[in-house]
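Trainee: Sharing a structure, written as structure tokens. Questions coming.
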Amino acid sequence: MKKIHDIIEDLHRHVHVVLTRLSDQPIEINELVITPCKKEFAKDFTLVLFGLAKKLRKNPEVLGDELGKALMENQSIQSYEVIKGFLNFSLPDQFWIDLVNSLQGNSVEEQIKLDKTYKYLIEYCSPNTNKPLHLGHVRNILLGWSVYLIQKSLGHEVFTTQVINDRGIAICKSMLAWTKFGEGQTPESTGIKSDHFVGDYYVLFETKFREEYLTWQNSEEGKLAFENSKKADESEADFYKRFKNEYFSKISPLGQEASEMLRQWERGDEAIISLWSRMNQWVYDGFEKTQNLLGVSFDFSYYESQTYLLGKDLIQQGLDKGVFQKSEDGAVFVDLTDAGLDKKFLLRSDGTSIYITQDLGTATQRHLNHGADRYIYIVADEQDYHFQVLFEILRRLEVPFSDGLYHLNYGMVELPTGRMKSREGTVVDADDLINEVIREASVMAQERGELENLSKEDKDKVISQIGLSALKYQLLKVHPKKRMIFDPTESVDLQGNTGPYIMNAYVRIQSILRKTENLEKSQPNLILQEEKDLLNLLIHYPKAIQEAGHSLDPSQLANYVYQMAKDFHKYYHDVRILNAETQEAKLWRLNLIGIFSNYLSHGMSCLGIEMPDRM
RNA sequence: GGUCUCGUAGCUCAGCUGGAUAGAGCAUCUGCCUUCUAAGCAGAGGGUCUCAGGUUCGAAUCCUGACGGGAUCACCA
């Protein structure tokens, strides 16, 4: 059974043969630019002539005319029209019949599968364990999951992973606050979602610490510090802002306690480790609930507590190879200035490892464990520099997988009011956001009343699918690399360029199909222009999703699916399907929309969006 | 200050491997539900594609520069 790809290639070949006959110059088949014709010219396809005309030293319009005539004689095309440098042409019925056969005879997956596939490992989400997930994580999660789904549907072998930062001073702050002020409370006893429960103690620590710092600032000691250590012209406020870290590590009783806790953790103190495990488990349980709500999962998890010591062997190798250097106090660094980067430290003078040491370690460890061809790190673009350095170092160490490393650096999410700041309480919490979009969907569904006959369970499921589609599509339709402004009130919009709009197109089709029985496959004897528009979108679907996969950019797929829904809504409005003029037309249209809905739901499913049958 | 990145309608965004008159949605205004789900369709208004040069038959798209936003430049993560 021919695939769409073959049919398009045939078309190019027909044009190429004729063109070669008209030309004294060799022309490559991939020099032909054939696109769908713009709607106002009422033809099926367009060949752009400028490039060819230049190469053949002919006037574009003359060339277009010659070409059109020859293709007509050949019966490759049905009609044509040359406008400026464009050859617009329509194809014979056989082309469309072949196409419909291809669509009926191959699944979407078969149509889009790539010949050459790879093994991917995709890292996404990668949370810290001191706070619940927020809007930034949601963008990350949805991107990662969609990239995963797209690659998988193209036939690649794909695995997902998250690196969990479960150690360090941050979690110790939560632990300390809980020890001091928690009075034995638990998520169960308070009924608070467990990751939020831990996050609340992190916030409590910060609050107590701020109070403590303020008290100190007003004490004799604090005032003295200001007088003695301030820079010329430095205001009191500026000084105390700058001094905060030093206060935390050298003076603050709370700071001392938290640091001591970290040291105890590193020594393996049993009581501390047990508290740490307990609180982290609360956080994981909470994360998992949120991730389940979003419908995502991971094949592997890496925990920093288990990987932070990795990388030291690599440092030694680097030193042996002469790629790294040792400074006088024993710290190890690498000089990357010749690559346009800076000097980067890799090991502290006391021999302990830092962030990048660990990343070097996990990178090699992962390659040992999974042996993928490509490693995709989905991490916000604030870490661009870090990844440039990381990848450059791995190249210099000549690790075998350095060509397969890719940082998908998505832009940060901002609110209409500006950046999210935890200190100002403007962070949009993931769970709150999810609940909010579902609540809004519920209100609207109530108004429409289409779900009245469903059981409570089915109804809730559909409502949650609608709400989530709004949120997911809203975040995925923007190009990943772009910093985006996220308006929570817009995310609950259900009209226009939104998830529910696309969903509605699918649901309308299902509603029609429910009203018919025994669909025979049928060939059209007449294809309306509106139907060719729909078919044209299906023709280009494989290319669209392949391009989205190639560039790791779900927004291309999102926008494509929107275009499909838009054209369908118009078709639905203009053309009668169940009450078609003839039985033949009805059968054909039912077939067409059935196929179309398969592609719609395929595209949406690759965005991680499930489609209900009614809404 | 160095490096990277972005600048398209009132707002949020497509388009960017150069092609026809720069597109959507929201918001504003006007029509269309006795006809397959109106979460829909049709229409109106809204643009110096930040600015200035350059390359080209042709530039929102490529190059250079300016201006404006953002990120980053720790023996932090």
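Trainee: Restricting the stretch A:334-388 to residues that are out of contact with any Asp or Glu (no Cβ under 9 Å at 6 or more places or on another chain), aliphatic (A, V, I, L, M) and assigned to a helix (DSSP H, G or I), which is nearest to RNA strand B (Cβ to nearest atom)?
Mentor: In this case the residue turns out to be A:Ile356.
Trainee: If you take the residues in the stretch A:557-608 that are of a type in the set (Lys, Arg) and assigned to a helix (DSSP H, G or I), which one is most open to solvent (accessible area, probe 1.4 Å)? Show your work before the answer.
Mentor: Of the stretch A:557-608, the ones of a type in the set (Lys, Arg) are A:566, A:570, A:576, A:586, A:589.
Checking the rest, the ones that are also assigned to a helix (DSSP H, G or I) come to A:566, A:570, A:586, A:589.
Details: A:Lys566: 90, A:Lys570: 122, A:Lys586: 53, A:Arg589: 10 Å².
Checked the stretch A:557-608; the qualifying residue most open to solvent (accessible area, probe 1.4 Å) is A:Lys570.
Trainee: Could you list all residues from the stretch A:397-448 that are on the phi > 0 side of the Ramachandran plot and either within 9 Å of RNA strand B (Cβ to nearest atom) or not in a loop (DSSP other than H, G, I, E, B) (or both)?
Mentor: Here is the first cut: in the stretch A:397-448, the residues on the phi > 0 side of the Ramachandran plot are A:398, A:418, A:425.
Scanning the stretch A:397-448 gives a single hit, A:Gly418.
Trainee: What is the residue count in the stretch A:104-130 for residues that are part of a helix (DSSP H, G or I) and β-branched (Val, Ile, Thr)? Break it down stepwise before answering.
Mentor: Within the stretch A:104-130, the first condition is being part of a helix (DSSP H, G or I), and the residues that meet it are A:104-105, A:108-112.
So of that shortlist, the ones also β-branched (Val, Ile, Thr) come out as A:108, A:112.
Number satisfying all stated conditions: 2.
Trainee: Is it fair to say A:Asp269 is surrounded by 13 or more Cβ atoms within 10 Å (Cβ to Cβ), of a type in the set (D, E, K, R) and touching a Ser or Thr at 6+ places or on another chain (Cβ under 8 Å)? Break it down stepwise before answering.
Mentor: Numbers: surrounded by 13 or more Cβ atoms within 10 Å (Cβ to Cβ): yes; of a type in the set (D, E, K, R): yes; touching a Ser or Thr at 6+ places or on another chain (Cβ under 8 Å): no.
Spelling it out, it is not the case that A:Asp269 is surrounded by 13 or more Cβ atoms within 10 Å (Cβ to Cβ), of a type in the set (D, E, K, R) and touching a Ser or Thr at 6+ places or on another chain (Cβ under 8 Å).
Trainee: Kindly state which helices (runs of 4 or more DSSP H) lie completely within the stretch A:257-324 and contain at least 2 residues that are in the same structural domain as A:Val198 (by TED's automatic domain parsing).
Mentor: Numbers: elements: A:270-294, A:304-307, A:312-321.
Passing ranges, in order: A:270-294.
Trainee: Residues in the stretch A:271-294: is at least one touching a residue at least 24 places away in the same chain (Cβ under 8 Å) and at positive phi?
Mentor: The answer is no; no qualifying residue exists.
Trainee: Quick one: A:Ala372 ticks every box in (1) open to solvent by less than 30 Å² (accessible area, probe 1.4 Å); (2) more than 21 Å from A:Ile141 (Cβ to Cβ); (3) in contact with a Lys or Arg (Cβ under 9 Å, 6 or more places away or on another chain); (4) at pLDDT 95 or above except a single one, so which number is it?
Mentor: So the condition that A:Ala372 fails would be (2).
Trainee: Go through the residues of the stretch A:126-141 one by one and say whether even a single one is more than 15 Å from RNA strand B (Cβ to nearest atom) and surrounded by fewer than 20 Cβ atoms within 10 Å (Cβ to Cβ).
Mentor: no
Residue by residue, here is whether (1) near RNA strand B (Cβ under 10 Å from one of its atoms); (2) small (Gly, Ala, Ser); (3) within 44 Å of the chain's Cα centre (by Cα) holds:
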residue: A:Pro36; (1), (2), (3): yes, no, yes
residue: A:Asp44; (1), (2), (3): no, no, yes
residue: A:Leu47; (1), (2), (3): yes, no, yes
residue: A:Lys58; (1), (2), (3): no, no, no
residue: A:Gly64; (1), (2), (3): no, yes, yes
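Trainee: Under the condition of being near RNA strand B (Cβ under 8 Å from one of its atoms) and assigned to a loop (DSSP other than H, G, I, E, B), which residue from the stretch A:494-529 is farthest from A:Ala445 (Cα to Cα)?
Mentor: Per the stated criteria, the residue is A:Lys515.
The values are calculated or read from the model by the stated rules, or taken from the named source; none is laboratory data. Model, not experiment: these values are computed from the prediction. Note that each Cβ is placed from the backbone with ideal geometry, even for glycine, and that neighbours are counted across all protein chains shown. Side chains are part of the model used for accessible areas, which takes the heavy atoms of the whole protein and leaves out ligands, DNA and RNA. Shrake-Rupley method; radii C 1.70, N 1.55, O 1.52, S 1.80 Å.
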